[in-house]
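Structure first, commentary second.
The values are calculated or read from the model by the stated rules, or taken from the named source; none is laboratory data. Here the structure is a predicted model, which is why all the values come from computation and not from measurement. All Cβ positions, glycine included, derive from the backbone under ideal geometry; neighbour counts span all protein chains shown. Accessible surface is based on the protein model in full, side chains and every heavy atom, while ligands, DNA and RNA are left aside. Shrake-Rupley method; radii C 1.70, N 1.55, O 1.52, S 1.80 Å.
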Amino acid sequence: MQIDLAGKNALITGSTRGIGRAIAETLAESGARVAVVGRDLKRAEEAAAAIGKRAKGFAADVSDTAAVTKLVADVEAAFGSIDILVNNAGITRDNLVMRLKDEDWDAVLNANLRGAFAAIRAASRGMMKRRSGRIINVASIIGIIGNKGQANYAASKAGLIALTKSVAKELGSRNILVNAVAPGFIETEMTAAMTPEAREALGKQIALERLGTVGDVAGAVAFLASDLASYITGQVFVVDGGMVM
Ligand code: NAD
């Protein structure tokens, strides 16, 4: 069986670049119509145009819950429904706890965790009515193992994992499946700044001896969005090349 998402509508937050962009491309290639979302409408429309005719651009700042609620309504009005919600938008504001400012704590928690909550609250209404839906939250291995200098980010991703499990229990009876993917180190703008030495040291900790690609993460998301994953909910899929076992 191949991944076939024909007739499905997907909303992917933070999909103008990086992992979110790859998810939007993969879901569109699998037949879904995709809402490409960024903070800036022009960028979202450019990304959607590059992805192709199944993609449409929308703008919303996920840390603004009213904007997220409006985004969901706009996508439902444009597409008719949201069958697949991918909460991918995320930021880092790293610092040691001693130096971490309230504003950096709040910015990360609001974008990474409250944004996902707001999108789930808004999009689950239509899914409940249709008794069908998939919600996939992009967490991080850091939300499982923690990391020095990333207390805010780790807390947001651990929160996202607990949100995933709680919502899976709440919505399971309505046939809404809710899972998280937890990427390890993925080649993106976030990791491009690493020195070759740091990259080599990291590679030694990974069973597959390489960083992941955005496509590696997108493949896991497409699987979880598909009929192939019809009996999987409340799970955290670690996509880290065997770094953490
Ligand atoms: P990225 O910075 O390349 O892309 C993030 C996307 O989210 C961008 O499109 C950005 O515009 C959008 N975004 C950020 N804040 C937003 C906001 N407030 N409202 C709307 N959109 C917003 O990052 P990425 O590496 O592609 O990461 C995507 C997700 O994967 C994030 O949740 C990140 O935490 C997670 N992740 C990344 C890695 C990695 O190694 N790159 C590892 C684990 C988890």
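Applying the set (1) farther than 26 Å from Leu109 by Cα; (2) open to solvent by less than 70 Å² (accessible area, probe 1.4 Å); (3) assigned to a helix (DSSP H, G or I); (4) small (Gly, Ala, Ser) to Ser173 leaves exactly one unmet item: (2). Scanning the range 200-232 for residues that are of a type outside the set (A, V, I, L, M), in contact (Cβ under 8 Å) with a residue 40 or more places away in the chain and outside any loop (DSSP other than H, G, I, E, B) yields Gly215, Gly219, Phe223, Asp227.
Among the residues of the range 185-197, is there at least one that is open to solvent by less than 60 Å² (accessible area, probe 1.4 Å) and either closer than 18 Å to Ala123 by Cβ or in contact with a strand residue (DSSP E or B) (Cβ under 9 Å, 6 or more places away or on another chain) (or both)?
Looking through the range 185-197, at least one residue is open to solvent by less than 60 Å² (accessible area, probe 1.4 Å) and either closer than 18 Å to Ala123 by Cβ or in contact with a strand residue (DSSP E or B) (Cβ under 9 Å, 6 or more places away or on another chain) (or both).
Yes or no, residue by residue, for (1) of a type in the set (D, E, K, R); (2) at negative phi; (3) within 14 Å of the ligand (Cβ to nearest atom):
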position	(1), (2), (3)
Arg21	yes, yes, yes
Ala48	no, yes, yes
Lys56	yes, yes, no
Thr69	no, yes, yes
Asp104	yes, yes, yes
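For beta carbons closer than 7 Å, sequence separation of 6+ or different chains, a first residue in the range 179-191 that is in a loop (DSSP other than H, G, I, E, B) and a second that is near the ligand (Cβ under 6 Å from one of its atoms), the qualifying pairs are Phe185/Thr191; Thr188/Gly18; Thr188/Ile19.
Going residue by residue through the range 104-116, is there one that turns out to be outside any helix (DSSP H, G or I), more than 20 Å from Ile161 (Cα to Cα) and of a type outside the set (Lys, Arg)? Within the range 104-116 (the criterion being outside any helix (DSSP H, G or I), more than 20 Å from Ile161 (Cα to Cα) and of a type outside the set (Lys, Arg)), the answer is no, since none of the residues qualifies.
Can we say Lys157 is assigned to a helix (DSSP H, G or I) and within 16 Å of the ligand (Cβ to nearest atom)? Here the answer is yes, as Lys157 does meet what is asked. All told, Ala111 meets the bar of being more than 16 Å from Thr233 (Cβ to Cβ), touching a helix residue (DSSP H, G or I) at 6+ places or on another chain (Cβ under 9 Å) and at pLDDT 95 or above.
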